[in-house]
Amino acid sequence: TMHAPHSLSKEQVGRYSRQLLVADFGVTGQERLSSSSVLIVGAGGLGCPCATYLAAAGVGTIGIVDFDTVSLDNLHRQVGHKEKNVGKKKTESLRDSLHELNSSIHINCHSVVLDRHSALEIFKGYDVIVDCSDNPSTRYLINDASILLNKPLVSGSALRWEGQLTVYNYGERCPCYRCVFPVPPSPHLVTNCAEGGVLGPIVGTMGSLQALEVIKIISQSGATYAGRLLLFDGQSGKMTTVNLRERSPKCAVCGPHPTVTELIDYDVFCGSGVHDKTPDLKVL
Amino acid sequence: TMHAPHSLSKEQVGRYSRQLLVADFGVTGQERLSSSSVLIVGAGGLGCPCATYLAAAGVGTIGIVDFDTVSLDNLHRQVGHKEKNVGKKKTESLRDSLHELNSSIHINCHSVVLDRHSALEIFKGYDVIVDCSDNPSTRYLINDASILLNKPLVSGSALRWEGQLTVYNYGERCPCYRCVFPVPPSPHLVTNCAEGGVLGPIVGTMGSLQALEVIKIISQSGATYAGRLLLFDGQSGKMTTVNLRERSPKCAVCGPHPTVTELIDYDVFCGSGVHDKTPDLKVL
Amino acid sequence: QSESERMTETSLTLEFTGGSEFLVGNQKMHQVSISGEELTIRSVLIWLKENLLKNCDRIDLLLEGDAVRPGVLVLVNDTDWELLDEEKTVLKNGDRVTFISTLHGG
Amino acid sequence: QSESERMTETSLTLEFTGGSEFLVGNQKMHQVSISGEELTIRSVLIWLKENLLKNCDRIDLLLEGDAVRPGVLVLVNDTDWELLDEEKTVLKNGDRVTFISTLHGG
Ligand SMILES: [Zn+2]
Ligand SMILES: [Zn+2]
């Protein structure tokens, strides 16, 4: 297959040769990656490794959504940023790192607060959405926008020593985030990384696995985590895969009789704002 | 515990605050990391993420061993390097990336061919050894040097869609590489990444997991993969943990009656040189 | 303990992850034996409240009244309880019930 | 097939990973049924040679003569065969035997 007609340039064949050799990926997989576009929502602990491996693999266009700026306490896990970029926009900081690795791909920075007004316009330009966000409100927003535009959604999350991974809305029977979690958790019961902490290699593992799911979806190779949930407990080294429910006929957004037909106010829905920080920890 | 007396500077408390919060890691874990030294053998697909997460986490001293230079076909998976460093030494290229992320740690470059003459002198300065190499000859050398100096060895490997991970020589009953593989494979039966290829997120996942094993060993927290082998099949998403044999009384290097009491010629032992490349693939 | 009493006990492994293990002594796996005919997950929740969670002041992290709170997934032998009979799922000796607090961080 | 013949068949799952799956039709899992009393791994290796590997020209990637070649790990139900009885391990219905070609790349 290396000598069959293909659309890859000589530079691409050279750069990607070690993945062109991979059985069940090959030239076709590379052609698909190179002509695809992926949106990474969140340039944090998960977004950094995920975007990095997708850029390295040659995804044609990568979009990065984040409104935040780099801070020193990000750097223990958000390894796509640099000390010299503390205070700068995370989107631009990560973009610069990705371009240092692979200048041949396109990278779009969406340095905005993702909300009901901005999400659809941004999402519609991409083939696959990756949820690397850090709060329930944004996760419901990302889910609903992905469903309304019918895009597969690769979802990862992490806290302390643990990580979780699944793929939503990929195939007829695959559930969405609302099928599995129809009701949002009370905001005072949600622990974020600023409160519970997280170890860098945990997000590194989960973000790398998210990149792999994206590559499987785009290259149409391998079995994704659609309908399955990976639970990773880094403290014991335990990896468990569980079978999730199918798409719910009662789902408010992906069911046959949806009540959510356009984006809503997710801060109201979840009872909290996405900007909530934990002020007493910021002064450590 | 955040307010108990500790040896961390104000800058360290700020930078590492999100991992200081992690239960069963905390201030004690950070103090142990900051005063430890880790040797990464191989600045390639596994070494890049492993070294990056260890540098980010604040391991006090990181050593990098590699004699190779960066090439364009490394960059799809060796994400600690940059286009502008193609042709430069991998050790120095990776060191510069690590320092951009965390300038407060020490990094030693060992830009030499690791062999029976150089290994012990390099290894003896480090607490934990990480095998991120890419051939059996180097793997036996790393194992024997780790055993002779009694250092725990975190071993990762990857090919195509798959990865394998274990920890050798950590605890009384834990086997070493030779306990599990007393006889080296015939060189013509060994497939390397230049022949079989490998996907970036596979080494990203395995390298991140290696960093986590190092952190568990140094912080004395959690259960490592000592005596267990993780098998990761990225194509199906299957993660399996298997129980390995205990330390072998017949082992040539870690047994009670060792026949290997100093380093040997590993190219002769394995019947091949470590420098073997696949010339027909270099010209793709 | 008489033979008839033992016949109606069900041995289960209860597993807590994603932070819910902090409610039960920071221990992820619990081997328990619960009495009652046709033991359902609903009965396990009530048993949990009266036993493992008895002295826990953050019971709301797992339960809302007698139900599992939103954001917690329940599995039986690694399968989502929605694929079974949810709260009414009948458990047998040796089953493993897992409570997963879902994570939102990144 | 008579009753007595069926009694001496053992149903196994044979699993091939790390590249050894390329020898057996690029399929990682194989459900097989092998006849013989007190079936051992040694007998499975011989059966493999005569069946799944019959038309394979790279049999040396898995076997060296009738033995498993250096660098291949053998597991029974996810346990290293060294913890069992190696080649002499007796298999029962439903057992899973895994052949892992170890990886050296990075
Ligand atoms: Zn749905
Ligand atoms: Zn040994």
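The values are calculated or read from the model by the stated rules, or taken from the named source; none is laboratory data. Bear in mind the structure is a predicted one, so any value in this text is a computation, not a measurement. Cβ coordinates were reconstructed from backbone atoms using ideal geometry, including for glycine residues, and neighbour counts include every protein chain displayed.
Worth pointing out:
- Selected residue (only one of A:T205, A:T224 is buried (at least 21 other Cβ atoms within 10 Å of the Cβ), away from ligand 1 (no atom under 16 Å from the Cβ) and assigned to a loop (DSSP other than H, G, I, E, B)): A:T224
- Answer residue from segment C:52-66, given it is over 11 Å from the mean Cα position of the chain (by Cα) and closer than 21 Å to C:T89 by Cα and is surrounded by the fewest Cβ atoms within 10 Å (Cβ to Cβ) among those: C:G65
- Single match in B:P152, B:P185 (criterion: over 17 Å from the mean Cα position of the chain (by Cα) and either more than 16 Å from ligand 1 (Cβ to nearest atom) or not aromatic (F, W, Y) (or both)): B:P185
- Residue that is nearest to the other protein chains (Cβ to nearest Cβ), among those in segment B:122-144 that are within 25 Å of B:G197 (Cβ to Cβ) and either assigned to a strand (DSSP E or B) or within 16 Å of ligand 1 (Cβ to nearest atom) (or both): B:D131
- Any hit, segment B:207-224, residues being within 16 Å of ligand 2 (Cβ to nearest atom), within 21 Å of B:Q164 (Cβ to Cβ) and under 20 Å from the mean Cα position of the chain (by Cα): no
- Some residue of segment A:236-244 being within 8 Å of chain B (Cβ to nearest Cβ), touching a residue at least 40 places away in the same chain (Cβ under 8 Å) and in contact with a strand residue (DSSP E or B) (Cβ under 6 Å, 6 or more places away or on another chain): no
- Filter pass, A:G60 being under 19 Å from the mean Cα position of the chain (by Cα), surrounded by 16 or more Cβ atoms within 10 Å (Cβ to Cβ) and within 24 Å of A:A145 (Cα to Cα): yes
- Lone qualifier among B:D233, B:D267, B:D280 - being at pLDDT below 95, more than 16 Å from ligand 1 (Cβ to nearest atom) and closer than 28 Å to A:G58 by Cβ: B:D280
- Among helices (runs of 4 or more DSSP H) entirely within segment B:1-102, having at least 1 residues that are basic (K, R) and modelled with pLDDT of 95 or more singles out B:10-15, B:17-20, B:26-34, B:90-101.
- Of all the listed residues (A:G197, A:G227, A:G255), the sole one being in contact with a helix residue (DSSP H, G or I) (Cβ under 9 Å, 6 or more places away or on another chain) and either closer than 30 Å to B:L230 by Cβ or at pLDDT below 95 (or both) is A:G197.
- Residue identified as more than 16 Å from ligand 2 (Cβ to nearest atom), facing another protein chain (nearest Cβ under 8 Å) and surrounded by fewer than 24 Cβ atoms within 10 Å (Cβ to Cβ) among A:G156, A:G196: A:G196
- Meeting the requirement of 2 or more residues that are closer than 20 Å to A:P182 by Cα and modelled with pLDDT of 95 or more, the strands (runs of 3 or more DSSP E) wholly within chain C are C:72-76, C:96-101.
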